[in-house]
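Here's the structure we're looking at; comments come further down.
The values are calculated or read from the model by the stated rules, or taken from the named source; none is laboratory data. Here the structure is a predicted model, which means the values were calculated and not measured. Note: ideal-geometry Cβ built from the backbone for every residue, glycine included; neighbour counts use all protein chains shown.
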Ligand code: LLP
């Protein structure tokens, strides 16, 4: 049974009715299925069965919720992190430090130190200066930092421009042509234990050809490095596998991906790391919302929902499609624009889309919102931070609370300002 399904005419997450969650938690709210997380985690691992030595690291940025990370830790996933905050999130969830890889193009010295002090498994270096700094920091602590060099393979991932990372004009990694000489120099540093390569060419990738092209370039580089006597025994192949967001679109073929990886890396003789985010979490979550108004529009009515771009930014940022469905579908449909309450036209989830007929007060949901959903939420328009709910069979729990904007921002007057007059005093 799919994790989100109709039961007695009403949408459920596993065995829990979404109407029950809405009644008790309110809307908008993210709802996750524990079973869907576990299933995706296992499916990804199974697809890589023919890769003999591997470590799977969940890309925390996709969904940093403590309870979600805990489920993935139980599935023996480590963590791919990109900030000190994500390091903290992974450690709090009980992910072993040596099962953490630190990616990201702008790590700060305090973040590198936090990673060193925690004893994380690997740092993925994005450029030479970062390697020099990490070496210095590690040497000061009489340590050698385990590190991989991230390569920019100059491959276009054929995905949305804002989430493609492997082209030579992007900020990520070091140019493949400069990698050999740089690896040489970095290997000589006293505080670095450079022992492999990393690559990640983008996200929401469904065409395996660019991934294969990138991995083949890495293979060539491994051979060239070894020919010069370098040690290469870990290779991080990144994340990036896409999922289907709309009818007619297919998920990335993870089994074909596994077969491709096994074939391309057959003679690499290295432990492979993988950093899936979206593939694990996207389908495991929905954003539950209530219809505030159905407002007449020139060509199509506006369905004004209580979720907005601050809760789910993907449509506004990437023109992303999230399927919309009524929690109690009547079987009737209509063509409508779906918009949120935020004061920008960009706060639009769908334009002129044929959707379940909904009315004021009805509940509805946006599908495939478990990755880069709550993770990217903000308090824009002083809206509260959206809560998260985890369902596991017939149980559910709030795993992140709805937090009023003023508690998130913790604003204060400047000390030289007089107190705000109490307008309500008698
Ligand atoms: N590893 C690295 C180094 C990454 O930069 C990313 C994603 C991943 C792994 C995980 O990629 P995934 O398996 O999830 O595709 N906010 C955007 C997606 C940004 C992805 C950034 N990097 C969205 O909502 O589509």
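Scan region 167-210 for residues that are more than 10 Å from the ligand (Cβ to nearest atom) and under 21 Å from residue 320 (Cα atoms) and jot them down. If the condition is that a residue be more than 10 Å from the ligand (Cβ to nearest atom) and under 21 Å from residue 320 (Cα atoms), then 206, 207, 208 are the ones that fit. Here the condition is being touching a strand residue (DSSP E or B) at 6+ places or on another chain (Cβ under 9 Å), over 24 Å from residue 44 (Cα atoms) and not assigned by TED's automatic domain parsing to the domain that holds residue 245; of 319, 311, it holds for 311 alone. Annotation note: of 170, 142, the sole residue that is closer than 18 Å to residue 82 by Cβ and surrounded by fewer than 24 Cβ atoms within 10 Å (Cβ to Cβ) is 170. One residue is enough: does region 359-372 have a residue meeting the conditions over 30 Å from residue 333 (Cα atoms) and either touching a helix residue (DSSP H, G or I) at 6+ places or on another chain (Cβ under 7 Å) or surrounded by fewer than 20 Cβ atoms within 10 Å (Cβ to Cβ) (or both)? No: region 359-372 contains no residue that is over 30 Å from residue 333 (Cα atoms) and either touching a helix residue (DSSP H, G or I) at 6+ places or on another chain (Cβ under 7 Å) or surrounded by fewer than 20 Cβ atoms within 10 Å (Cβ to Cβ) (or both).
Is there a residue in region 193-202 that is at pLDDT 95 or above, more than 27 Å from residue 280 (Cβ to Cβ) and more than 29 Å from the chain's Cα centre (by Cα)? No. For region 224-321, the helices (runs of 4 or more DSSP H) that sit wholly inside it and include 2 or more residues that are surrounded by fewer than 21 Cβ atoms within 10 Å (Cβ to Cβ), more than 16 Å from the ligand (Cβ to nearest atom) and more than 20 Å from the chain's Cα centre (by Cα) are 254-264. Would it be correct to say that residue 51 is in a loop (DSSP other than H, G, I, E, B) and outside the structural domain of residue 236 (by TED's automatic domain parsing)? Answer is yes for this residue.
For region 31-51, the tally of residues that are in contact with a strand residue (DSSP E or B) (Cβ under 9 Å, 6 or more places away or on another chain) and more than 21 Å from residue 3 (Cβ to Cβ) stands at 2. Looking only at residues of region 373-395 that are outside any loop (DSSP other than H, G, I, E, B) and buried (at least 23 other Cβ atoms within 10 Å of the Cβ), we find that the one that is farthest from the ligand (Cβ to nearest atom) is 391.
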